[in-house]
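Peer 1: Take this structure, written in structure tokens, and hold onto it; I'll ask about it next.
The values are calculated or read from the model by the stated rules, or taken from the named source; none is laboratory data. All values reported here derive from a predicted model rather than from experimental measurement. Cβ placement follows ideal geometry from the backbone for every residue including glycine, while neighbour counts extend to all protein chains displayed. Heads up: the accessible areas ignore ligands, DNA and RNA and are worked out on the full protein's heavy atoms, side chains in. Shrake-Rupley method; radii C 1.70, N 1.55, O 1.52, S 1.80 Å.
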Amino acid sequence: MTDITSQTEAALAAIAAATSLDALEAERLEALGKKGWVSLALKTLGGMSPEERTAAAPAIQSARAAIADALEAKKAALEAAALEEQLARETIDLTLPAVAAPKGSVHPVSQVMDELAEIFADLGFAVATGPEIEDDWHNFTALNMDETHPARAMHDTFYFPDKSADGKDILLRTHTSPVQIRSMLEQGAPIRIIAPGRVYRSDSDATHTPMFHQVEGLVIDKDIHLGHLKWTLETFFKAFFEREDIVLRLRPSYFPFTEPSVEVDVGYSTEGGRRVVGGHGDAPGHAWMEIGGSGMVNARVLEFAGLEPGEWQGFAFGLGIDRIAMLKYGMNDLRAFFDGDPRWLAHYGFSPFDQPTLSAGVGAKA
Ligand code: DAH
């Protein structure tokens, strides 16, 4: 009896003193393992007379229960301490500045697309998208260029060898204008969208690449006129180039999908071999540079897109994103945009933390 009591006390003390799960397991084997002293004591009960057993059993049973409880409690405590210790060891202070040099950068085209979206969102425009693999109906026909239209030939189109399931020619879109058609068909009027994205033409030199970027704009509403177009583009360019002295010139032109059509020129001067947008193009030391096409949406296009021309009018415009990125950030060779040279990206790229916002400025510098 005393033996069991002192052995139990010793075991409980050893369990309390255990500093690791391994040490605890050794204590468990010592007492409760197959050859542990409690297990052996329990075995002796079988050889006893009923009276002896009744007298001896409770002490052994309660020793076993006390030791098992102590083991379990200690195990939980050791595990909790280990977790605490691990959490403390693996703490990261997120308020510290990053030590590693930042890798990668935001491409100027992506940056300018974000800037465009930010400025036009403020003017109430939503961003629309359409497929880069288009059919000739959306890319040409619905934009008032039927099969025989000479403008089709000017687009240097990449065609796919196969036709669509409904027998249309499939191509890489040559401009973002088909998104006008898709937006009108999908959402009806009124509409106020921009559609930035990739376009493709079989053409390549210092100012042309087979893939380049455009942003389309489309406003359809009641009583829309050219004045709205001019104000919108002027307001956009002032915000984009972050200067008030932007002067636009609308020059009569021709596009099949607009009537009347205008080409948009911006006044600029040349400083240190670099074109700087601003000022009147006819002022001394200044000239005009073409930056996009636009006009009032042709009534035939509205009809193709399911809108009633007597009820709705609108304007559309198309700008070259790469072009305005070059103007704003001073690159002179378009091809370098798509070479993927890390040195070029390190120089002209933007920090991912440099999100363009109207409040902080859309003129982030590399
Ligand atoms: N889609 C024309 C092009 O790529 C650009 C353009 C001109 C778009 C006039 C327009 C527009 O929306 O009204 O050459």
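Peer 1: Counting alpha carbon pairs within less than 8 Å and at least 6 residues apart, what relative contact order, in whole percent, applies to the chain?
Peer 2: On the way: 577 pairs, mean separation 55.6, N = 366.
RCO, the chain: 15 percent.
Peer 1: Residues with amide H under 5 Å of VAL247's amide H, sequence separation 5 or more or different chain, H placed in the peptide plane at 1.01 Å from N; which?
Peer 2: For VAL247, whose amide H was placed from the backbone, the distant partners under 5 Å are GLY267, GLY278, GLY279.
Peer 1: Run the 1.4 Å probe and let me know the accessible area of ASP146, rounded to the nearest 10 Å².
Peer 2: 80 Å²
Peer 1: Still on this structure, I have one more. At 0.36 nm per residue, minus the direct Cα-Cα distance, what do ALA10 and ALA153 gain on full extension? Give it in nm, one decimal, please.
Peer 2: Result for the pair: 41.7 nm of gain on full extension.
Peer 1: With a 10 Å cut-off between alpha carbons and a GNM built on the chain, which of LEU327, LEU248, LEU96 moves the most?
Peer 2: Of the options given, LEU96 has the highest mean-square fluctuation.
Peer 1: Let me ask another. Quick check on packing: order 198-208, 237-247 by the mean number of other C-beta atoms within 10 Å, highest mean leading. Could the numbers behind the result be given before it?
Peer 2: Working: 198-208: 14.7, 237-247: 17.0.
Order by mean packing, descending: 237-247, 198-208.
Peer 1: Report, to two decimal places, the Cα Rg of the stretch 259-349 normalised by 2.2 N^0.38 Å (N = number of residues). Display every interim value, and only then the final one.
Peer 2: Numbers: Rg = 18.3 Å, N = 91, 2.2 N^0.38 = 12.2 Å.
Dividing the Cα radius of gyration by 2.2 N^0.38 Å gives 1.50.
Peer 1: Go ahead and collect, in residue order, the members of the stretch 180-214 whose backbone nitrogen is under 19 Å from a label point 7 Å along the Cα-Cβ direction of ASN332.
Peer 2: Within reach of a label on ASN332: 205-209.
Peer 1: Out of THR95, MET48, HIS155, whose Cα points farthest toward the positive end of the dipole of the chain (charges: +1 Lys, Arg; -1 Asp, Glu; placed on Cβ)?
Peer 2: Positive-most Cα among the choices belongs to MET48.
Peer 1: Leaving out ligands and nucleic acids, and using a 1.4 Å probe, what accessible area per residue does the chain come to in Å²?
Peer 2: On the way: 19540 Å² over 366 residues.
Each residue of the chain exposes 53 Å² on average to a 1.4 Å probe.
Peer 1: Could I ask something else about it? For the chain, set up a GNM with springs between Cα atoms under 10 Å and report which of GLU308, GLU52, GLU271 has the largest fluctuation.
Peer 2: Of GLU308, GLU52, GLU271, the most mobile in the Gaussian network model is GLU52.
Peer 1: Let me ask something else. When the C-alpha atoms of the stretch 156-241 are aligned to their principal axes, what extent does each axis show, in angstrom, from largest down?
Peer 2: If we take the Cα atoms of the stretch 156-241, the spans are 43, 38, 16 Å.
Peer 1: Within the stretch 2-89, how many Lys pairs that are eight or more residues apart, or on different chains, come under 21 Å at the alpha-carbon?
Peer 2: Values: LYS34/LYS43; LYS34/LYS74; LYS34/LYS75; LYS35/LYS43.
Pairs that pass both the separation and distance tests number 4.
Peer 1: Here's something else I'd like to know. Which lysines does LYS238 reach when only Cα atoms under 16 Å apart count, and residues fewer than 8 places away in its own chain are ignored?
Peer 2: Within the straight-line limit of under 16 Å, LYS238 reaches these lysines: LYS230, LYS328.
Peer 1: Order SER359, SER105, SER177, most accessible first, counting only protein heavy atoms with a 1.4 angstrom probe.
Peer 2: Listed by decreasing accessible area, they come as SER359, SER105, SER177.
Peer 1: Using the Kirkwood radius over Cα pairs, work out the Stokes-Einstein diffusion coefficient for the chain at 4 °C and 1.567 mPa s, in µm²/s as a whole number.
Peer 2: Reported coefficient: 49 µm²/s.
Peer 1: Could you look at the stretch 2-89 and say what percent of its accessible area is carbon and sulfur, using a 1.4 Å probe and all protein chains?
Peer 2: 60 percent
Peer 1: Using a Förster distance of 45 Å, how high is the FRET efficiency between ILE170 and ASP93, based on the Cβ-Cβ distance and rounded to 0.05?
Peer 2: Calculated value: 0.25.
Peer 1: Report the local net charge at ILE67: Lys and Arg +1, Asp and Glu -1, summed over other residues whose C-beta lies under 11 Å from its C-beta. Please list the in-between numbers first.
Peer 2: On the way: positive: ARG28, ARG64, LYS74; negative: GLU9, GLU27, GLU30, ASP69, GLU72.
Taking every Cβ under 11 Å from that of ILE67, the sum is -2.
Peer 1: Please report, largest first and rounded to whole Å, the three semi-axes of the ellipsoid equivalent to the stretch 2-89, where each semi-axis is the square root of five times an eigenvalue of the C-alpha gyration tensor.
Peer 2: 32, 11, 10
Peer 1: In whole Å, what is the distance between the alpha-carbon centres of the stretch 282-317 and the stretch 84-135?
Peer 2: 33 Å
Peer 1: Mind listing the long-range amide H neighbours of SER351? Cut-off is under 5 Å, sequence gap 5 or more, other chains count too, H placed in the peptide plane at 1.01 Å from N.
Peer 2: Those qualifying (amide H under 5 Å, at least 5 residues apart or on another chain) are VAL106.
Peer 1: Ok, one more. Simple spin-label model, 7 Å along Cα-to-Cβ: LYS103 to ALA206 in nm?
Peer 2: Inter-label distance under the simple model: 3.6 nm.
Peer 1: If you roll a 1.4 Å probe over the stretch 108-348 with all protein chains in place, what percent of the accessible area is carbon or sulfur?
Peer 2: On the way: 5530 of 10840 Å².
For the stretch 108-348, the apolar C and S fraction of the accessible surface comes to 51 percent.
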